[in-house]
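S.K.: The following block contains the structure, expressed as structure tokens.
The values are calculated or read from the model by the stated rules, or taken from the named source; none is laboratory data. Only a predicted model underlies this, so the values are computations on that prediction, with no experimental measurement involved. All Cβ positions, glycine included, derive from the backbone under ideal geometry; neighbour counts span all protein chains shown. The area values use the complete protein model at the heavy-atom level, side chains included, leaving out ligands, DNA and RNA. Shrake-Rupley method; radii C 1.70, N 1.55, O 1.52, S 1.80 Å.
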Amino acid sequence: MTPNRQIAEKCLRDEAQAILDLIPQLDENFDKAVDLILACTGKVILTGVGKSGHIAAKIAATLSSTGTPSFYINPLDVFHGDLGVITQNDIVVGISNSGQTDELLRFVPFLLDRHIPLIGISGNASSLLARYATCHITVRVEVEACPLNLAPTSSTTATLAIGDALACALMEARKFGPDDFARYHPGGALGHRLLITAQDVMRTEDLPILAPHMKLGEAIIRISNGMLGLGIVIDGQQILGIITDGDIRRAVNKLQERFFNLPVEQAMTPKPICVAPTAKVNEILDILNERKIHAVLVTDGNGQLMGVVDNFRCMI
């Protein structure tokens, strides 16, 4: 192993250990912090200076995306007008490794005077931040991963992990599910799959419709032109079945020269999988994976064909 990788391995082990060492530090203060945030009717405002500020901003982003309205405020800006954003209904989460950061402590009297709850997160349970906080979560690390034991490394990683732990506990308490997550992430792939429905992505034009008595020789051309890897067998308005590329291969192997004159209905798969137009894309993906198929038919309340959704359209 090269010296660079040895250093990297030690860094990762030190930071991983710092996170594991948080487990015995968890106490009733963590529970109280969760309860305070759940009871909050306003915003959760996170603040910190320097590296702690960057961690606070990330925790705020995580909380906001998981159902807890939150944002980050720089304590250096608090005394230049930003105090106005803090209301009686809010909660402040102050982060400081030492718990003694002057810029952070300077507006604690403002919070105390207005009875605004303060959740402190620091590595010093005897700090001023811990003393004046409504509750204090201790994030103590034995050593920084930095070779000099100076740069915030293990301590910031551990604080970030505590923020994630808070977010996870709050998600569980709020019964925050995949659909809720998707509403906060409408532009992502997960949001697409959880919010978009079959009628939003289904193909409706130039569908490869086959009559049940159509010869397979003719059906192959129509299936190929449809570029869906299947044909839909319909008699009047009734869906009888589908015939896929796999069905055609099996029929060719079995029938050989008799294949081209065989009627479609004798090679089709009856009772194809159908979904409602309101079916979510993630539900359709589950069906495709479970049944090991590549497409489903979309039908209305009367069982009439509306369109087709395949694997490709689930990813659009």
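S.K.: Conditions first: (1) in contact with a Lys or Arg (Cβ under 7 Å, 6 or more places away or on another chain); (2) closer than 29 Å to residue 178 by Cα; (3) open to solvent by less than 20 Å² (accessible area, probe 1.4 Å). Residue 282 passes all but one, so which condition is the exception?
M.R.: (3)
S.K.: Let me ask another. Of everything in segment 293-306 that's under 16 Å from residue 234 (Cβ atoms) and part of a loop (DSSP other than H, G, I, E, B), which residue is most open to solvent (accessible area, probe 1.4 Å)?
M.R.: Taking the candidates together, the pick is 302.
S.K.: Residue check: is residue 252 more than 19 Å from residue 199 (Cβ to Cβ) and in a helix (DSSP H, G or I)?
M.R.: Considered against the rule, which asks whether it is more than 19 Å from residue 199 (Cβ to Cβ) and in a helix (DSSP H, G or I), residue 252 comes out as yes.
S.K.: Of all residues in segment 268-284 being in a helix (DSSP H, G or I) and not acidic (Asp, Glu), which is modelled with the highest pLDDT?
M.R.: 284
S.K.: A further question on this structure: For the condition open to solvent by 30 Å² or more (accessible area, probe 1.4 Å), over 22 Å from residue 214 (Cβ atoms) and in a helix (DSSP H, G or I), what is the one hit in 290, 265, 257?
M.R.: Residue meeting the stated conditions: 290.
S.K.: Moving on. Just checking, does segment 224-241 include any residue being open to solvent by less than 20 Å² (accessible area, probe 1.4 Å), more than 36 Å from the chain's Cα centre (by Cα) and modelled with pLDDT of 85 or more?
M.R.: Checked against the condition, which is being open to solvent by less than 20 Å² (accessible area, probe 1.4 Å), more than 36 Å from the chain's Cα centre (by Cα) and modelled with pLDDT of 85 or more, segment 224-241 yields at least one hit.
S.K.: Hey, among the residues in segment 103-145 that are part of a loop (DSSP other than H, G, I, E, B) and among the charged types (D, E, K, R), which one's surrounded by the most Cβ atoms within 10 Å (Cβ to Cβ)?
M.R.: This residue is 144.
S.K.: Moving to a separate point now. I'm trying to understand the selection: among the residues of segment 35-58, which are part of a helix (DSSP H, G or I), crowded, with 20+ Cβ neighbours inside 10 Å and either in contact with a Gly (Cβ under 9 Å, 6 or more places away or on another chain) or not β-branched (Val, Ile, Thr) (or both)?
M.R.: If the condition is that a residue be part of a helix (DSSP H, G or I), crowded, with 20+ Cβ neighbours inside 10 Å and either in contact with a Gly (Cβ under 9 Å, 6 or more places away or on another chain) or not β-branched (Val, Ile, Thr) (or both), then 52, 53, 55, 56 are the ones that fit.
S.K.: Can you tell me which residue within segment 204-219, out of those that are open to solvent by less than 40 Å² (accessible area, probe 1.4 Å) and either outside any loop (DSSP other than H, G, I, E, B) or acidic (Asp, Glu) (or both), is nearest to residue 250 (Cα to Cα)?
M.R.: Out of the qualifying residues, it is 216.
S.K.: Also: Check residue 32 against each of (1) closer than 27 Å to residue 145 by Cβ; (2) of a type in the set (Lys, Arg); (3) out of contact with any Gly (no Cβ under 8 Å at 6 or more places or on another chain) and name the one condition it does not meet.
M.R.: So the condition that residue 32 fails would be (1).
S.K.: Are there any pairs, at least 6 apart or on different chains, whose C-beta atoms fall under 6 Å, with the first in segment 14-28 and assigned to a loop (DSSP other than H, G, I, E, B) and the second surrounded by 13 or more Cβ atoms within 10 Å (Cβ to Cβ), and if so, which?
M.R.: What qualifies is 22/158.
S.K.: Looking at (1) surrounded by fewer than 16 Cβ atoms within 10 Å (Cβ to Cβ); (2) among the charged types (D, E, K, R); (3) under 28 Å from residue 177 (Cα atoms), which is the one condition that is false for residue 5?
M.R.: (3)
S.K.: Of all residues in segment 37-59, which are farther than 15 Å from residue 156 by Cβ and among the small types (Gly, Ala, Ser)?
M.R.: Within segment 37-59, 39, 42 qualify.
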